[in-house]
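Notes follow the structure.
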Amino acid sequence: MPSVRELTEPYENFMLGPRRGPEVCGVCFNFTRGFTRCYACAHGEQLIDVVAPISYSVAGEQLHHALAAYKRLTGDVARRLRVELAAVLWRYLGEHEGCVAGVAGRAEFELVTTVPSGERDRDERHPLRWIASEVVGPTRGRYERLLRRSEHAVAPRAFDPEKFVGVRRLDGESVLLIDDTWTTGANAQSAAAALKSAGAGPVGVVVIGRHLNREWHENDRRLRGISRPFDWRRCALCGS
Ligand SMILES: [Zn+2]
Ligand SMILES: [Zn+2]
């Protein structure tokens, strides 16, 4: 069985570590035109205490393909991608969960959960839940399915505090919410809203890929400015 380090090595060639900066959204690390928040974060609800993207995921490029295929495909290819992405999450949390929890004012998160899929039938067999609850060493002992998709009709990709509901009352516990991709953040913010109405304390979000389009504005130049290969010793929160 290959090690976490071996499984993540091929990803170092295309993972792109976000860093803070004057033209970077202070919430989600999207590139901006000099604003402290990107459009979605400036205009949307903010229920999450800290967002930590492991890498940028550029539309049409390798990480984007992996993040789409691990949940769409079946068979050996899907299984390989699931194990590799689990290793990425494992290695990142092993080194940097303390950075994320620190911003949320805690030493570590007490509970771990995943953002349920917006589509109810897909949620029943979502591989991200398998990754976080059964595979990844730093999360599997704390994993609990805390949210479910409500019956409420919600526009896709829109923030809605009623989109998800908590499955039990919480008593101020800190929650690490894991998702594969952050685009506008509406899904994760909706999940955080449901966790907080259930009584959660601080909510931190770790996403594997912060989605970007290379063609938009100066994203290509900004992405080419990120040092490679990917450096596991630094994260978006401690590496800036
Ligand atoms: Zn943002
Ligand atoms: Zn860090």
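Rule-based calculations on the coordinates, nothing more; no lab input. Values in this document were obtained by computation on a predicted structure and should not be read as measured data. Cβ sites come from the backbone with ideal geometry, for glycine too, and all protein chains shown count toward neighbours.
Scan around residue 205 for amide H atoms under 5 Å from its own, H built in the peptide plane at 1.01 Å from N, and keep only partners 5 or more places away or cross-chain.
Correct list: 50, 51, 52, 177.
To the nearest 20 Debye, how big is the dipole of the range 18-224 about its Cα centre, given +1 on the beta carbon of each Lys and Arg and -1 on that of each Asp and Glu? Walk me through the numbers on the way to the answer.
Numbers: 30 positive and 26 negative charges, 59 e Å.
The calculation lands at about 280 debye.
Sum up the charges of everything whose Cβ sits under 11 Å from the Cβ of residue 165, counting Lys and Arg as +1 and Asp and Glu as -1, but leave residue 165 out. Write down the numbers at each step before the final one.
Details: positive: 148, 149, 163, 168; negative: 151, 162.
Cβ neighbours under 11 Å give a net charge of +2.
At q = 0.13, 0.18, 0.22 Å⁻¹, what is the base-10 log of I(q)/I(0) for the range 88-181 according to the Debye formula with one equal point scatterer per Cα and no solvent? Please give it to two decimals.
Treating every Cα as an identical point scatterer, log10 I(q)/I(0) equals -0.48, -0.89, -1.21.
Pick from 192, 155, 52: which is most flexible by mean-square fluctuation in a GNM of the chain where alpha carbon atoms under 10 Å apart are linked?
155
HN-Hα J couplings of the range 33-41 from phi, Karplus 6.51/-1.76/1.60, θ = phi - 60°, integer Hz, Gly and Pro as x?
8, x, 8, 6, 9, 6, 4, 4, 6
Please identify, among 181, 36, 114, the residue showing maximal mean-square fluctuation in a Gaussian network model of the chain using a 10 angstrom Cα cutoff.
36
Distance between Cα centroids, the range 46-60 to the range 188-232: provide it in whole Å.
1
Can you work out D for the chain in µm² s⁻¹ from Stokes-Einstein, where Rh is the Kirkwood radius over C-alpha pairs, the temperature is 20 °C and the viscosity is 1.002 mPa s?
On the way: Rh = 17.9 Å.
The Stokes-Einstein estimate is 120 µm²/s.
With +1 on the Cβ of every Lys and Arg and -1 on the Cβ of every Asp and Glu, and nothing else charged, how large is the dipole of the range 146-193 about its Cα centre, in debye rounded to the nearest 20? Don't skip to the answer; put the middle values down first.
Details: 6 positive and 7 negative charges, 23 e Å.
That gives a dipole near 120 debye.
I'd like to compare 128-137, 86-95: which one has the highest average count of other Cβ atoms within 10 Å, and what's the full order after that?
Numbers: 128-137: 19.3, 86-95: 21.4.
Packing order, densest peptide first, comes out as 86-95, 128-137.
Can you work out the Karplus-derived ³J(HN,Hα) for every residue in the range 155-164? Use 6.51 cos²θ - 1.76 cosθ + 1.60 with θ = phi - 60°, whole Hz, and x for glycine or proline.
5, x, 6, 10, 5, 8, x, 9, 5, 10
Looking at the chain as a GNM with Cα springs under 10 Å, which of 23, 12, 151 has the largest mean-square fluctuation?
Of 23, 12, 151, the Gaussian network model singles out 151 as fluctuating most.
Convert each backbone phi in the range 5-15 into a coupling constant with the Karplus relation 6.51 cos²θ - 1.76 cosθ + 1.60 (shift: θ = phi - 60°), then list the ³J(HN,Hα) values in order as whole Hz, x for Gly and Pro.
Result, ordered by residue: 4, 5, 5, 8, 4, x, 6, 4, 6, 10, 6 Hz.
So what's the net charge close to residue 77: Lys and Arg +1, Asp and Glu -1, counting the other residues with Cβ under 13 Å from its Cβ? Before the final figure, lay out each step's value.
On the way: positive: 71, 72, 79, 80, 82; negative: 76, 84.
Once positives and negatives cancel, what remains is +3.
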